[in-house]
Every structure is written in structure tokens, then in C-alpha cells.
Amino acid sequence: MKPSLIGDLAVYGKYSLVNWMKIIILVVRHGPFDVIRDIRRYPWILVLLQVNSLMWRFIRGRTGRYREATAVVMSDIVSSVIRMMEDVFFRGNRLVIHEDMVPPEIMRAMGLAPFMTELMGILMPMIKPHSVENYIDASENEGIPPDICSLPKSTMGLALKGHLPPALAVVTSNLPCDGGMSSYMLIEKKLKLPVFRLDIPYNFDTDRAVKYFAGELRRMIDWLEAHTPGRMDWERLREICEERNKMLEYELELWDMIRIRPAPLAGEPVWLSHMWNFNVTPGSPASTRIYKRITEMGRKNLEEGVSSIKDERYRALLWNPPMIHFIDIYNWAEKTYGISLIMDSMTFNRIPMIDTGTQDSMLEGLGRTIMAGPMARHTRGPAKNYLDDIFHIHKHFDIDMVWVAGHIGCKNTQALNGMLRELCRRESIPLLIINYDLSDPRIVSREGIIEQIDHFMENIMKAEKMAS
Amino acid sequence: MTFDDRQTRLQDIIDEPLNTWLDQAVADGNVPIGYTCSYVPRALLSLDGLIPVRVRAPGAAGTEIAEIYLSNVTCSYSRSLLEFAMDDRYDFLGGWVFAAGCDHIRRLLDNLDYLISPDFSHMIDAPHRKGDAALDWYIKELDILLEKLADHFGIDTGEEALNAAVINQNRLHRSLKEIADLRKQKQPPISGTEFQRIMMASLTVPAGDMEKALREIKDSVARREKQTDFRARLMVVGGNIDDTDFIHTIESTGGLVVADRFCTGSLPGLVMLDESNDPLTEIAQKTLLETSCPRMMEDFQDRLGSIIDTAREYDVDGVIVEHIKFCDIWGIETGLLVDGLREAGLPALRLERDYRQTGEGQLRTRIQAFLERMNK
């Protein structure tokens, strides 16, 4: 299929219309007056309503199947956020607030409605870069030190301002970092809800650790049964885990495809689809369908020799969570330097399929998905966990350069930059460490990030900008 | 030798990582093992010729080299230790034992392993909660440490050796507690700075030398005049304070620190072990359950309650809650603690500080203002 201007315009028109239709249906179901009341109660809904502007920033300049795959991912996210809003509006008696490193599969199998608090702090700056600054400020005004990561500060700010929906309980853990773990002390105090905390070992790569964490998950199930109307349905959990396994099969095929230069797909179809579907809605048939569709598009591009971007000059790895207030950095890098951001730390994992044979094997499998998954794997255990993945990806995906998103609030990974710098030099891998703050563009703006990349591309990569 | 002479001698001892007593012990064939956190049980590092040394960076000036690796946003305690290690000032250690207490210390071990490759290094995976499963996990972790120590150093880590270590630790803690408890008196014979000096020496010298010193200190402190020249009795709560200058600055404003609830303090540091129990289980249980650090994610209310109880027991006028800048767990905890203390009617001051003593003038002004706020 040859990309055409009309086809590309139609993709944007179609998916933005679909997204609006989904929103309008929700408004009609909930009732316009109730929606207005809830917008006043949860002002972040207004930010989420601007989702089509984010889609536009992602697909601008992209063509053909790459453009459509990006739009598909965004439309999937809109559907998923709408389901989450429906949970808030209609299933408050089942709502459980949870931290982003707690497996939602179990809560779904229990008939509960999981609400991931960190999601707002991630999604809002993606749509509107300055939109969590008031939450960050609220945390700091409460006495939270400014050097704490801005993501937990955003989450704490949401709680402090009363912008989290009423829930039955809170489930959290000691992941991914000290700041994230400790933030739930303030959230607990503010929300006055019963809180359960999962303990995840530091040395997670042993059978003993897997069994310990599976025990923690069992403890969580018992606790949720005692504090909510949720009841464990092991058959439902098996279905969810099997669906997750199917999705993983598709993802592995996609990864095999993007090893080829030029990559048939890159950017959001690879990273955003993973971040959302594996963390927010794992095990839902809709997520598997999205992965199937993306993989098919990638396969067709591969068969027809179509590259995702017009002129793939470089292939880059983006390490650490991406700059969420400059989230169209992938699109910008493609257009400015012909860089495909092939793989990233939030996507790459070494998670095996979940064995659905027994209750224990499912809990152990889910435990592994958390412990060996992105963020947890890289912020726990020895530095080897963090560094080896980078060098493996460099080789496996034929990467030309490594970009580290050097979030100033992530002390855990900041403390590895010195080692990484020397090891990359030893391996002759060009390395760019971008100084910035994850959620707060007042620390380093979009322009400040671009300036750092420009210096690197010009001086280290000796690259020229693409003709616009 | 007077009490003051002994204090001067102790200050000399803690002014250097390799002090004269430790140096002599090393010359006698003992092996010092460095550790950083209270979740590393000292008793296990006292077995069969090993000497536990709580690592510090006395007189640390800057951390320029360490920042290349650890960055300038990790806590200055971690950075200072790396700076000292890279400056070969910890070459005398036979090994390092860490607990996965916080992100900063975990990354310190990563960087130490990368930069200086110690002959022996180990990380104890301490759980973040209590309960049976967590305790079993921790006991196994300590067992793994013992196996590694036995393999590497060829030492006896059997039950008898562990029992002896428990008895020795209790003896040391009993002596220290006798002095610590003097601070409950209305007019204690010892200041907070002087007691901190004793505590720091006890964490960095061989136990035999310390016990001898403590006997002499107990004799001389009894003959000493009581502290009368102070404006308020204070409690200090927080993380790692291993430099007497911080307490000294507080006391130079007229406060008297009578209760030290921080990592290197006596509360609840001087835990007594039950000698009739299985030694490893007893060590694990007391360390995990009684070392009340904010890294234990379920225990905020217990920590707050015990601080309030301690403040009442020591009859303090106010509580200073401190943390080292960039420490995430204490950074979030201190605000909540201060709120909780004030709600309980206890005046509280929150201080963020650097590991090494800096900004003394500002610190003094803030403490003076705190004392004035309490009408002292």
C-alpha cells in the first residue's frame, strides 16, 4: 500500500471522529449535568478531553500504516480511559486505587475496578505539558521536598487537592523507588482509606523471591476480600493471564520485525502500546486485538519493504521513562534527524509467559511480570539489571545511539550514569544523557531538551538536520 | 584521666576512619568489616575475629569525584563514603556489608563494586515490612550472609559462636545504656554531644577496647557536675548522624539533647537480645522488628507513637526532626512526623541538612528561633 495524502488525512479524520464519538456516548450515558458536576470535582477530565490534540502531535508528518498504527494505539487509549471513567462514574462501589506497580489483573479477576493513581500524572502532561504543575506545587507546599520525583509529587498533589475519586481501598508496594513507596504514607493520611502494601524483594531473580512475592499476592487477595466486595475468581484470572500471553506473542513478533533496518514500525505503536496495554489493561481481549492489528500492519510493511519513517538514518534506544511533557519527541526526532526510536526501557522486558496451570503458577507468573518488568527490574537488584539490558538491546536491535532520559528526580538511575558513561565509551556507543524533569517542564523546557539533542547530534553524531 | 580528657581521646578516635584502636586490632590479625545501615546486625560481623565498623566520612570536605558516579542528587552520606573509598581511606576494611535500606545506599554498593571491587561485598535484602513471611525471608538472608562470611574468611559461624556474639553485644549495650539512661535525669551529668561521641566510638572500635573505655567513663561521669546551663531539653529524630558537630551546634544555642532517636543513636539502637532464644532468629527478629526506619512502609503510626512516648519518657521540651537532603524516605516522613508531633502537643522543628556540617550559622539561628518559640 502506497501512502497517499488523502489516505493520511482520512486516518486523522476517522480516528478523531471515533474518539469524539466515544466521548459523546459517555457524556450521554452519564448525563450532561453529572458530567459538568464531575468535571468540577475532577478537573483533569478537561485535560483528558483534549486527547485528539495528542493524537495529532503523534501522527503529524507520519504516513501510511505507521500513521494508522499510531492512531489505532491512541484510539485504544481513549476507549480504555473511557472505561476507566465509567468505573469512576458507575462502579464506585468496586473502585480500588492502586499504585502503578501493582498487577491490575488480580483486581479485575476479583470483579473490582482498579484505578491507577499514577496514570493521571503520566497522561495529563502528555496531553497538556503544564497540566500537573499545580499538583506538584500542592505537594511541595505540603512540605514534600522539591527533590522528590515529580510523578509521586503529582500523585500526592491529586490526593491533597481531593481530585481522586472515592474508593474502597488502596493497594500499593515498595516499588519502583523510595519516593514512590513513601508517597503513599501521605496519600493514606489524606484519603483515610485502608491501605495494603506489597513487599517486593531486592534480589528478585531467584525462585525464593518469586515464591515470596506470590505469597504477598495471596496476602493481597485475602486482604481485598476482607476489605471490598471483590471475590477471587481463579477461572477469570486464568482467562486474563491467557489473554495476556496472547498479547505477548504478538509483541514478540513485533519486536522481531523492528530488528530489521529500516524498521517497519517504531515509536508509539511499539512503546505506547506496551505501556498502556501491559500496564493498564493487561489481559483484556481489546488489548490483544490492538496488538494483533499493529503486528499485522508491521508485517505488511515488512513484506512490502515499507519503512515506518521515510528515511531512517539512525536507530536509537531511549532509556528511562520518556519525557512525558515532550512526548512527541519520537515524532520530532524522526522529522528532524531521521531517527527511529526503536526501543525503550519502559517497553523492553524479559518476562516469560504466565503458566496458567495452577493458582500458584499464575501468581508466580504475575509476580515475575512485576518484578522483572520495566521500572522494577531497573530500579531493583544490582546495577547489572539496568546496564546489561542496554547493551543487549544495542546489539539485538542494531541501535546506533543510546539516549538516557536523565530525570533529575530519579536518584536511583542518576547514580548509574557515571558507570554507564564509561561503559558506553568502552564499547564505542554514542551516549546522550538528557537533563530534564519527568513531569515538570519548568525545570527543563521542551526547547531545553531539543538544545541538548541538537548539540549531541551535531557534535557527536555529526548529523545534519533533515530538509523540512 | 578526667571525663573531659577521655572525651578528647574519643574525639581523636572518631576523627579518623582508621583509628588507633582499630589499627592495633588489624595488626593483631582481626578483620574490620564496614557496614552502613542498622539492618545489618553488628553481632554477625563480630564473629571470630571480625570487627563491625559503621562506615563514616569524618571531616569530609567535598564529593567532587563521587558525584561523577553517584551524581549530585544522591544523599551526601553515600557520596562522602564513595569519595573516601576512592581516596583509599577504607582500604583497611576486609569487606563491606550493606542492607538494601534505601536507593542511595544500594547504588553506593553498585558503584563501589564497579570502582574498587572489594574482596568481599554483600547486600542483605531486608524486607520492607514485618510479619512471619518477612521474618523468615530475613532470617534466610542472614543465614546466606553467614555462609558467605564463613566461606570467605574461614570463620566459625556456628551456634556457639553466635551465642557468644549475642552475649558480647548485650554486655556492650548494657554498659552504654547505663550511661544513656543518665540523660533521663532532670540535670544530666552528660551532654548530648558527649554521649554522641561515646556512641560513635562504640560503633567504630573493637568491642573490647570500648568496654574498657566505658568502665572508665562510668567512673568519671559519676564524679562530674550536673548540666545546669541549658534552656530546653531536646530530642533529635532522624536518619544518619555520625558527626558530633550537628549535636554540638544544637547544644551551642542552649538546648540539651537528651534523647537520640536516629540511626546511630541509642534509641532504639541499644536493643537487648534474649540469650535464651535461638541466636540467629533472635538477632533477625530484634533487628527487623525494632529498627524502626521509614523504609518500613507499614509502620508510620508505630514510629510516631514511639517517638511521642520517648519524648514524654525523657521529658523533652521539643523535638528536632532532621534528614539529609535528597533522602526520599526521610524527606517524606519528616513532614508527616512533624505534623503528628504537633498534633500531640509537642513542639517540633524540621531541619534539612547536609551530611557534613555546613551552614552552621543558619542552623544555629533556626534552633534559637525554635527555642524562643517554645518560650525557652
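Scan the range A:30-50 for residues that are part of a helix (DSSP H, G or I) and surrounded by 15 or more Cβ atoms within 10 Å (Cβ to Cβ) and jot them down. Matches in the range A:30-50: A:His30, A:Val35, A:Asp38, A:Trp44, A:Ile45, A:Val47, A:Leu48. Of all residues in the range A:163-179, those satisfying the criterion of being more than 8 Å from chain B (Cβ to nearest Cβ) and either in a loop (DSSP other than H, G, I, E, B) or in contact with a Gly (Cβ under 8 Å, 6 or more places away or on another chain) (or both) are A:His163, A:Leu164, A:Pro165, A:Pro166, A:Ala167, A:Leu168, A:Leu175, A:Pro176. How many of the residues making up the range B:353-376 are part of a loop (DSSP other than H, G, I, E, B) and among the β-branched types (Val, Ile, Thr)? Counting residues in the range B:353-376 that are part of a loop (DSSP other than H, G, I, E, B) and among the β-branched types (Val, Ile, Thr) gives 1.
For (1) in contact with a strand residue (DSSP E or B) (Cβ under 6 Å, 6 or more places away or on another chain); (2) surrounded by 20 or more Cβ atoms within 10 Å (Cβ to Cβ); (3) within 12 Å of chain B (Cβ to nearest Cβ), each residue gets a yes or a no:
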| site | (1), (2), (3) |
| --- | --- |
| A:Ala316 | yes, yes, no |
| A:Asn320 | yes, yes, no |
| A:Leu341 | yes, yes, no |
| A:Asp344 | yes, yes, no |
| A:Ile354 | no, yes, no |
| A:Leu366 | no, yes, no |
| A:Ala376 | no, yes, no |
| A:Lys395 | no, no, no |
| A:Met401 | yes, yes, no |
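If you go through the range B:218-231 one residue at a time, do you hit one that is among the hydrophobic types (A, V, I, L, M, F, W, C) and within 18 Å of the chain's Cα centre (by Cα)? Among the residues of the range B:218-231, not one is among the hydrophobic types (A, V, I, L, M, F, W, C) and within 18 Å of the chain's Cα centre (by Cα), which makes the answer no.
Residues in the range A:206-220 that are among the acidic types (Asp, Glu) and facing another protein chain (nearest Cβ under 10 Å): 1 in all.
Select from the range A:317-355 the residues that are among the aliphatic types (A, V, I, L, M) and part of a loop (DSSP other than H, G, I, E, B) and list them in ascending order. Break it down stepwise before answering.
Let us first name the residues in the range A:317-355 that are among the aliphatic types (A, V, I, L, M), namely A:317-318, A:323-324, A:327, A:329, A:333, A:339, A:341-343, A:346, A:351, A:353-354.
Matches in the range A:317-355: A:Met323, A:Ile327, A:Met346, A:Ile351, A:Met353, A:Ile354.
Of all the residues in the range B:340-351, those that are within 14 Å of chain A (Cβ to nearest Cβ) and buried (at least 16 other Cβ atoms within 10 Å of the Cβ) number 6.
Using the structure shown, decide if A:Ile148 is assigned to a loop (DSSP other than H, G, I, E, B), closer than 20 Å to B:Phe326 by Cβ and of a type in the set (A, V, I, L, M).
yes
Against the list (1) among the aliphatic types (A, V, I, L, M); (2) in a loop (DSSP other than H, G, I, E, B); (3) closer than 25 Å to B:Glu352 by Cα, the condition A:Ala159 fails is (2). Of everything listed in (1) touching an Asp or Glu at 6+ places or on another chain (Cβ under 8 Å); (2) surrounded by fewer than 23 Cβ atoms within 10 Å (Cβ to Cβ); (3) part of a helix (DSSP H, G or I), the single unmet condition for A:Met232 is (3). Within the range A:259-274, at least one residue is within 24 Å of A:Phe58 (Cα to Cα), surrounded by 21 or more Cβ atoms within 10 Å (Cβ to Cβ) and of a type in the set (D, E, K, R). Of all the numbered requirements in (1) in a helix (DSSP H, G or I); (2) β-branched (Val, Ile, Thr); (3) more than 9 Å from every other protein chain (Cβ to nearest Cβ), B:Ile68 misses one, and that requirement is (3). Scanning the range A:418-440 for residues that are closer than 25 Å to A:Glu140 by Cβ, in contact with a Gly (Cβ under 8 Å, 6 or more places away or on another chain) and either surrounded by 17 or more Cβ atoms within 10 Å (Cβ to Cβ) or of a type in the set (Val, Ile, Thr) (or both) yields A:Ile434, A:Tyr436, A:Asp437, A:Leu438, A:Ser439.
Residue-level check: of (1) farther than 18 Å from B:Cys263 by Cβ; (2) part of a helix (DSSP H, G or I); (3) touching a Phe, Trp or Tyr at 6+ places or on another chain (Cβ under 9 Å), B:His122 misses just (2).
Against the definition (more than 18 Å from A:Pro103 (Cα to Cα) and in a helix (DSSP H, G or I)), how does A:Tyr250 come out, yes or no? Give the derivation first.
Numbers: more than 18 Å from A:Pro103 (Cα to Cα): yes; in a helix (DSSP H, G or I): yes.
Here the answer is yes, as A:Tyr250 does meet what is asked.
Among the residues making up the range B:82-105, a single one is under 17 Å from B:His323 (Cα atoms), more than 9 Å from every other protein chain (Cβ to nearest Cβ) and not β-branched (Val, Ile, Thr): B:Gly101.
Quick check on my filter: what residues within the range B:106-134 are within 12 Å of chain A (Cβ to nearest Cβ) and among the small types (Gly, Ala, Ser)?
Taking the range B:106-134 first, the residues within 12 Å of chain A (Cβ to nearest Cβ) are B:106-115, B:121-134.
Result: B:Ser121, B:Ala126, B:Gly131, B:Ala133, B:Ala134.
Evaluation of B:Ala60 against the conditions (1) at the interface with chain A (Cβ under 10 Å from one of its Cβ atoms); (2) closer than 28 Å to B:Glu322 by Cβ shows that the sole unmet condition is (1).
Residues checked against (1) within 21 Å of the chain's Cα centre (by Cα); (2) among the aromatic types (Phe, Trp, Tyr); (3) within 11 Å of chain B (Cβ to nearest Cβ); (4) buried (at least 24 other Cβ atoms within 10 Å of the Cβ):
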{"position": "A:Met181", "(1), (2), (3), (4)": "yes, no, yes, yes"}
{"position": "A:Lys190", "(1), (2), (3), (4)": "no, no, yes, no"}
{"position": "A:Phe196", "(1), (2), (3), (4)": "no, yes, yes, no"}
{"position": "A:Phe204", "(1), (2), (3), (4)": "no, yes, yes, no"}
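Of these, A:Ala167, A:Ala209, which one is of a type in the set (Gly, Ala, Ser), at pLDDT 95 or above and more than 24 Å from the chain's Cα centre (by Cα)? Just a single option satisfies the conditions, and that option is A:Ala209. Taking the range B:133-148 as the range and being touching a residue at least 24 places away in the same chain (Cβ under 8 Å) and among the hydrophobic types (A, V, I, L, M, F, W, C) as the test, the residues that pass are B:Ala134, B:Leu135, B:Ile139, B:Leu142, B:Leu145, B:Leu146. Checked against (1) within 10 Å of another protein chain (Cβ to nearest Cβ); (2) crowded, with 20+ Cβ neighbours inside 10 Å; (3) of a type outside the set (A, V, I, L, M, F, W, C), B:Tyr355 passes all but a single condition, namely (1). Against the numbered list (1) assigned to a helix (DSSP H, G or I); (2) under 16 Å from the mean Cα position of the chain (by Cα), A:Ile106 comes up short only at (2).
If you filter the range B:290-322 down to residues that are away from chain A (no Cβ under 14 Å) and of a type in the set (D, E, K, R), you find that the one that is nearest to the chain's Cα centre (by Cα) is B:Glu290. Could you check, for the range B:252-275, whether at least one of its residues is in contact with a helix residue (DSSP H, G or I) (Cβ under 9 Å, 6 or more places away or on another chain), assigned to a helix (DSSP H, G or I) and either modelled with pLDDT under 95 or charged (D, E, K, R) (or both)? No, because not a single residue in the range B:252-275 is in contact with a helix residue (DSSP H, G or I) (Cβ under 9 Å, 6 or more places away or on another chain), assigned to a helix (DSSP H, G or I) and either modelled with pLDDT under 95 or charged (D, E, K, R) (or both).
Mind checking which residues of the range A:144-162 are within 12 Å of another protein chain (Cβ to nearest Cβ), among the charged types (D, E, K, R) and surrounded by fewer than 24 Cβ atoms within 10 Å (Cβ to Cβ)? Within the range A:144-162, A:Asp147 is the sole residue that qualifies. Among (1) crowded, with 20+ Cβ neighbours inside 10 Å; (2) more than 29 Å from A:Arg299 (Cα to Cα), there is one condition A:Gly92 misses while meeting the rest; what is its number? In the conditions (1) crowded, with 20+ Cβ neighbours inside 10 Å; (2) more than 29 Å from A:Arg299 (Cα to Cα), A:Gly92 misses (1) alone.
The values are calculated or read from the model by the stated rules, or taken from the named source; none is laboratory data. Note that the structure is a prediction, hence the values are computed from the model and not measured. Every residue, glycine as well, gets a Cβ built from its backbone with ideal geometry; the counts of neighbours run over all protein chains shown.
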